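Since the structure comes first, as structure tokens, the remarks are kept for the end.
Values quoted throughout were computed directly from the atomic coordinates according to the rules given, and no laboratory measurement underlies them. Given the structure is predicted, the values throughout are model-derived calculations rather than measurements. Cβ placement follows ideal geometry from the backbone for every residue including glycine, while neighbour counts extend to all protein chains displayed.
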Amino acid sequence: MKPLLRRLRRELFATPGDALLSVGLIALLGSALVGFLRWALLQAEWAVIQANSTLFAVGRYPIDQQWRLWLLTTLLLGAAGLSWGMLRAHPRSDREGILWPRNDRLAVSLLVLIALWLPWFLKLQPGIQARWWALVAMLIGLRWLAGRFGRQLPSKLKRAIPLLWPTVYLLGMVLISGGLGIVKVPPSEWGGLLLTLLAASFAILLCFPLGVLLALGRRSELPLLRWASVVYIEFIRGAPLITLLFLGQNILGFLLPNGLAPERIWRAAWVLTFFAAAYLAEAVRSGLAAVPTGQVEAARSLGLSYPQALQHIVLPQALRVALPAMVGQFISLLQDTTLLSLIGLLELLGVARTVMANPAYLGKNAEVYLTLAVLFWCCCAALGLGSRALERRLDPQTIPSR
Amino acid sequence: MNPSAAQANSVMIAARDVQKWYPNGFHALRGCDLQVHKGEVVVVMGPSGSGKSTFIRTFNALEDFQKGSITVDGIALSNDLRNIDAIRREVGMVFQQFNLFPHLTVLDNLTLAPVMVRKRPKGEVQRQAMALLQRVGIAEQAEKYPGQLSGGQQQRVAIARALCMEPRILLFDEPTSALDPEMVREVLDVMRNLANDDITMVVVTHEVKFAEQVADRVVLMADGEVVEEAAPDVFFNRPTHERTRRFLDQIL
């Protein structure tokens, strides 16, 4: 305890002026915290969230078809548990010799606490509550199993585990929209967190290759390609997203081949993709600029073709440099999905607005907005944590511990 | 086969009247001629800015040129991309700044090109790569990343990486200029060792001792021209050109 006291004294109470400032600030922050807690615990009426939790989660998705979303959630959490466990089974240490992933046990305990508290807070039906607990138990169980026995798996199987993600994603698309023998649910009935995550993940996945191509185009030696990329990037960056979204609702039907963007939701998702690609291209370009020309020269002098040099030498280095900026773009893309509510789609903010418009919940704006903020914060925090972990993993200085 | 034909066959690099202008109009190479025979070690010296790096970089098409002709191992260097790729497979290059791939392990630095370009099986290439690392004295660093090695070790990896493609010609562009003085020797020792094989080497360097002991011929370049071309003892003791004498006065 002594060092802590000494540190407090040094950092907060070094001079009388510092002490005054510290005491003042602590009092201010403390009273704000007390005020917030008093509101959240005593005054706020969370019934607005409790009664509408399904609406926030999936919008007006038909109740008799919601088993498909439960199945998708199960698959996603299963893949997450397996991947998490495999990462634990193959730890790496970096310069400071600290094992990755860090704070692993802390993350699990936090997860368990949230899983115990959230269903109670949302006053879920016992059946649904039990399902959530079973899902979290499966996640942690798979994490433990893969962490314990992951190293002994044959390497072919190990290499297949990352492929789980695209498989689950494509399967999820089918599960959500229907087809292939199950009842179709039209996109107009998707909503809430489901729609937010769907639009954001669709745009993130597609804007990435598009952004890389644009960045390469902008640095190309072919004038036509270079100018086309510059014009595209500057045009998109010069217009506010909301105008592009409205424009997209009206003209995208003419621009894309028939059938690619029939629904308003897909039109909006494509606009998000095209918009994010322009910004992503600039992030990737900064990464490309950070790779010394000697790298390409060395690759070319070894006989690698230009595409090979790009794939194996330039892009791995450039993308690692650009990763923090790219994730920044992904995070703002996730938040930009709230603009979809302005073109009449019922993603998280859209659902929130319909709920607040319901006379039964008049004046409950604070509760609703706080919930939205926490939901977005959780998603963005997950993206940020994932990117930092990936950054450490890609650092040439981190070594697989054997 | 008559003797003159045999000699023509053994010419690995034939550069004739090579002229290069940079886009800004600077006349970097003003008609350079050079012939390098199989197994020969040719050292290129000259003051900085004389065009010596530019000249040897034209041999594997890292620099283009506007006039003249270059033939490498019987393949004419033209704008035909297939010719350029064919030449680059036969010509290895070692750079002043090493240019190792920092995101790959030492072993992967060596095996990448043979597997990708020559389509050889990975296991076989790895065995060869380990043997080469043994030869340059850093087999125990195979699993490390370039950033974890000293400059001298990195340059030895770069030499091994070039050798792993089994080139017939090795170009060295000031291989020791970026090294701390105490590391120059370990790199020169590796190069000396290579010169005893029948690999053809063209070396741009300021290392006089290396040139005296290892080179078959020494070339002086100044102001974009090949000024003098002679065996080392003639070059260093009885140079014919005034420009060579001035250069030697400055560096010796």
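General remarks:
- Linear extension gain, A:R60 paired with A:R6, 0.36 nm per residue minus alpha-carbon span: 13.8 nm
- Shape of the range A:52-174, Cα gyration tensor, a/c cut at 1.5: oblate
- About its Cα centre, the dipole of the range A:10-164 is roughly 860 debye, where the only charges are +1 on Lys and Arg Cβ and -1 on Asp and Glu Cβ.
- Chain B, helix-only ellipticity at 222 nm - DSSP H runs n ≥ 4, -39,500 (n - 2.57), divided by all residues, nearest 500: -12000 deg cm²/dmol
- Close amide H contacts of B:A28 (hydrogens built in the peptide plane, cut-off under 5 Å, sequence separation of 5 or more or a different chain): B:K20, B:W21, B:Y22.
- Under a model in which nothing but the beta-carbon of Lys, Arg (+1) and Asp, Glu (-1) is charged, chain B shows a dipole of about 540 debye around its Cα centre.
- Computed E for A:A51/A:T15 - FRET, C-beta separation, R0 45 angstrom, nearest 0.05: 0.25
- Per-q log10 I(q)/I(0), the range B:72-181, q = 0.20 Å⁻¹ (Debye; single scatterer per alpha-carbon; no solvent): -1.05
- Taking amide H atoms as placed 1.01 Å from N in the peptide plane, the amide H of B:M221 lies under 5 Å from those of B:M45, B:G46, B:V227, each 5 or more residues away in sequence or on another chain.
- Listed residues A:L153, A:L362, A:P187: farthest to the positive end of the dipole of chain A (Cβ charges): A:L153
- Value at 222 nm in deg cm²/dmol, rounded to 500, when DSSP H runs of n ≥ 4 in chain A each add -39,500 (n - 2.57): -24000 deg cm²/dmol
- Restricting attention to chain B, the count of lysine pairs at 8 or more positions apart or across chains with alpha carbons under 22 Å apart stands at 6.
- The mean count of C-beta atoms from other chains within 10 Å of the C-beta of residues in B:97-105, rounded to a whole number, is 6.
- Leading residue at positive end of dipole, chain B (Cβ point charges), from B:A215, B:V41, B:A14: B:A14
- Oblate is the label for the range A:121-275, because the ratio a/c of its alpha-carbon gyration tensor axes (a ≥ b ≥ c) is 1.5 or higher and a/b is not greater than b/c.
- Rounded to the nearest 20, the size of the Cβ-charge dipole of the range A:95-183 about its Cα centre is 320 debye, with Lys and Arg at +1 and Asp and Glu at -1.
- Rounded to the nearest 10 degrees, the inclination of helix B:122-135 to the longest alpha-carbon principal axis of chain B is 60 degrees.
- From phi via Karplus (6.51, -1.76, 1.60), per-residue ³J(HN,Hα) for the range A:112-128 in Hz, x at Gly/Pro: 5, 4, 5, 5, 6, 7, 4, x, 5, 5, 7, 6, 6, 5, x, x, 5
- Residue-by-residue Karplus 3J(HN,Hα) for the range B:227-235, coefficients 6.51, -1.76, 1.60, Hz, glycine and proline x: 8, 9, 9, 7, 5, x, 5, 5, 4
- Look at the dipole of the protein assembly as shown built from charges on Cβ: of A:T54, A:V314, B:L110, the Cα furthest out on the positive end belongs to A:T54.
- As a length-normalised measure over Cα pairs under 8 Å and 6 or more apart, the relative contact order of chain A settles at 22 percent.
- Antiparallel content of DSSP bridges confined to the range B:134-235, in %, to 5: 50 percent
- Other residues whose C-beta falls under 10 angstrom from the C-beta of A:L288 contribute a net charge of +3, scoring Lys and Arg +1 and Asp and Glu -1.
- Among beta bridges from DSSP that stay inside the protein assembly as shown, the antiparallel ones total about 60%.
- Stokes-Einstein translational diffusion, the protein assembly as shown - Kirkwood Rh over all Cα pairs, 1.002 mPa s, 20 °C, in µm²/s: 71 µm²/s
- Of A:G181, A:G248, A:G147, the one that fluctuates the most in a GNM where chain A has Cα springs shorter than 10 Å: A:G181
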